[in-house]
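The values are calculated or read from the model by the stated rules, or taken from the named source; none is laboratory data. Bear in mind the structure is a predicted one, so any value in this text is a computation, not a measurement. Note: ideal-geometry Cβ built from the backbone for every residue, glycine included; neighbour counts use all protein chains shown. Quick note on the areas: whole protein, heavy atoms, side chains included, nothing else; ligands and nucleic acids left out. Shrake-Rupley method; radii C 1.70, N 1.55, O 1.52, S 1.80 Å.
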Amino acid sequence: AYRRNGVREYLVWRVEDLAIDWFVLRGGSYELLPADDDGIYRSEVFPGLWLDANALLAGNTRQVLEVLNSGIQSAEHEAFAESLG
């Protein structure tokens, strides 16, 4: 259904496994998007959308928000926002 409707990225929070998976559509198939060396997921579709999955799973809301705000303040997000209008 996601592919049929053009969903380019999606997240799965596997509560029982204490894991988050981020999938990205590439070449007609969904692939796992790896976290970077700092353990941060960085959206390929929405530049500046960053997620510290380990902090989220640990309930560390402050860290989650700090990483998210860093992404929103990044040069890549600024360029993306400017491209929208």
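Pick from the range 16-48 the residues that are over 21 Å from L68 (Cα atoms) and surrounded by fewer than 16 Cβ atoms within 10 Å (Cβ to Cβ): which of them is nearest to the chain's Cα centre (by Cα)? Across the range 16-48, the extreme among qualifying residues is E31. Output the residues belonging to the range 1-39 that are under 22 Å from A58 (Cβ atoms) and either in contact with a helix residue (DSSP H, G or I) (Cβ under 7 Å, 6 or more places away or on another chain) or β-branched (V, I, T) (or both). The answer is V12, V15, L18, I20, A35, G39.
Would you call E66 farther than 29 Å from E16 by Cα and open to solvent by 80 Å² or more (accessible area, probe 1.4 Å)? So E66 does not fit the description; no. Scanning the range 1-15 for residues that are open to solvent by 90 Å² or more (accessible area, probe 1.4 Å) and β-branched (V, I, T) yields a total of 1. Within the range 15-48, the set of residues being in contact with an Asp or Glu (Cβ under 9 Å, 6 or more places away or on another chain) and in a loop (DSSP other than H, G, I, E, B) comprises L33, A35, D38, G39, S43, E44, V45, F46, P47, G48.
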